[in-house]
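Each reported figure results from applying straightforward, stated rules to the coordinates on display, with no laboratory input. All values reported here derive from a predicted model rather than from experimental measurement. Don't worry about glycine lacking a Cβ; one is built from the backbone with ideal geometry, like all the others, and counts go over all protein chains shown.
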Amino acid sequence: MKIEGSGKPLAPPANLAPRASSPAKTAETSNGGGPGATVALSPLSSSLKEVETSLSNTPVVDTGKVEKIRAAIADGSFKVDANKVADGLIASTQQMLSAQAR
């Protein structure tokens, strides 16, 4: 059986409502309020926002450590601990297998 595509994207179903762009907008429209509608946020929401801001300002990669490793590789002083690598591979394999068993 051969399936041929027309190359054109499919149109969304007519009964599909568009998604809201933000929770605040959803709250505003679901309450039937307009520009003067108010939304109360819990203290937990404020705490989560602070954590989100803090995490967004934290670098994902420790550039200092990367530079040290890069320099060690370049000058030939970087040593690989085969036992540590093997232990890590075994641990990740065990974790993956236990996740598949669930």
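Details
- Residue exposure sequence - ASP75, ASP87 - by fewest surrounding Cβ within 10 Å: ASP75, ASP87
- Using the Cβ-Cβ distance between ALA91 and THR63 with R0 set to 30 Å, the FRET efficiency works out to roughly 0.65.
- The order of THR58, THR53, going from fewest to most other C-beta atoms within 10 Å of their C-beta, is THR58, THR53.
- Subtracting the Cα-Cα distance of GLU50 and SER77 from their residue separation scaled by 0.36 nm leaves 5.5 nm.
- From the Kirkwood radius over Cα pairs of region 39-101, Stokes-Einstein at 10 °C and 1.306 mPa s returns a whole-number translational diffusion coefficient of 98 µm²/s.
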